[in-house]
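Q: Have a look at this one.
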Amino acid sequence: MIGAGAIDWTLYAVAVPAVVFAGVSKGGFGSGAAFAGASILALVMEPGVALGLMLPLLMLIDVATLRPYWKRWSWPDARLLLMGAVPGVVLGALLYRAAEPDVFRLLIGAISLGFVGWQALSRAGMIRARERAMPVWGGGLAGLVAGFTSFVSHAGGPPAAVYLLSRRLDKTAFQATTVLLFWLVNVVKFIPYAFLGIFTMQTVVMDVLLAPFALLGAWLGVKAHRVVPEALFFAITYVLLTVTGAKLIWDGLS
């Protein structure tokens with residue numbers, strides 16, 4: 001485990017693919033697995049350092065991916081999720097030092113896997129709730145959970161995806177709404193991150209060095225979004241939710 005004061009090239013060897021992966025996920029696949037970058041980094045550095053390192057890079061990716069999807073989002077859905085996400089971020093800031101994040105990893109992991117299972121049963125004709133979108137309160141709750149888990153582990157993608165996928169948006173509207181939502185959420189998160197001392201001079205130096213790889217990943221993600229068929233896109237999204245949920249449950253239990 002590499003701590004805040006022992007950054008070396010071994011860490012960069014892990015950080016580069018982690019950051020590229022986050023860029024690809026956020027740039028083209030709805031951010032569902034972008035948080036995995038922070039999880040990978042947490043294997044070689046303290047989790048708090050990993051969070052502080054990833055947030056500026058995620059914000060850079062947000063800026064890079066916002067323009068291709070400009071005004072192609074579903075603003076009512078983004079607004080509803082954001083209304084829940086802001087108090088979720090505030091809650092995360094208040095509880096960051098005291099709360100055990102494993103509880104929330106288990107919760108989001110269960111929601112992610114449960115949603116994929118629900119979709120599978122719906123497609124098999126065993127349940128018919130798939131035709132109905134989640135209610136307004138469900139979107140607010142998804143936003144609240146997304147804001148909190150985004151603050152404590154950058155893992156806000158799965159609960160937001162659970163709501164957005166239920167809205168049956170086309171793949172571009174889904175992606176654009178996700179990009180807009182987490183651009184705003186990450187801006188909101190930046191101030192409490194700074195206040196809590198999560199950023200350090202060493203994370204700033206690493207961010208400068210890793211920025212080109214974040215932009216590369218975002219570019220690759222946007223290109224992939226444009227050429228991947230819609231059916232395959234959502235199939236990939238369900239796979240990402242499954243992987244994300246399983247990883248969160250594994251981390252929460254270990």
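Q: Near the amide H of Ser74, under 5 Å away, which other amide H atoms are found, from residues 5 or more places off or on another chain, if H is placed in the peptide plane?
A: Amide H neighbours of Ser74, under 5 Å, 5+ apart: Thr177.
Q: So, one more: Once the other residues with Cβ under 13 Å from the Cβ of Asp62 are scored (Lys, Arg +1; Asp, Glu -1), what is the net sum? Please list the in-between numbers first.
A: Numbers: positive: Lys26, Arg67, Lys189; negative: none.
Around Asp62, the surrounding residues sum to +3.
Q: Taking Lys189 as the anchor, which lysines have their alpha carbon closer than 26 Å to its alpha carbon, excluding any fewer than eight residues away along the same chain?
A: Straight-line reach from Lys189, under 26 Å: Lys26, Lys71, Lys247.
Q: Please list, in chain and number order, the residues 5+ apart from Met45 or on another chain whose amide H is under 5 Å from its amide H, with Hs placed from the backbone.
A: Ile2
Q: Per residue of the stretch 204-218, in order, report the coupling 6.51 cos²θ - 1.76 cosθ + 1.60 (Karplus, θ = phi - 60°) as ³J(HN,Hα) in whole Hz, putting x for Gly and Pro.
A: 5, 4, 5, 4, 4, 6, 8, 3, x, 6, 5, 5, 4, x, 4
Q: Mind listing which chymotrypsin sites (Phe, Trp or Tyr not before Pro) in the stretch 62-91 are in a DSSP loop and have 12 or fewer other Cβ atoms within 10 Å? Each step should come with its number before you reach the end.
A: Values: sites: Tyr69, Trp70, Trp73; in loops: Trp70, Trp73.
Those satisfying the criteria are Trp70.
Q: Let me ask something additional. Near the amide H of Ile198, under 5 Å away, which other amide H atoms are found, from residues 5 or more places off or on another chain, if H is placed in the peptide plane?
A: none
Read-outs: derived from the displayed coordinates by stated rules, not from any lab. On a predicted model such as this, the values are computed, not experimentally measured, just so you know. Note: ideal-geometry Cβ built from the backbone for every residue, glycine included; neighbour counts use all protein chains shown.
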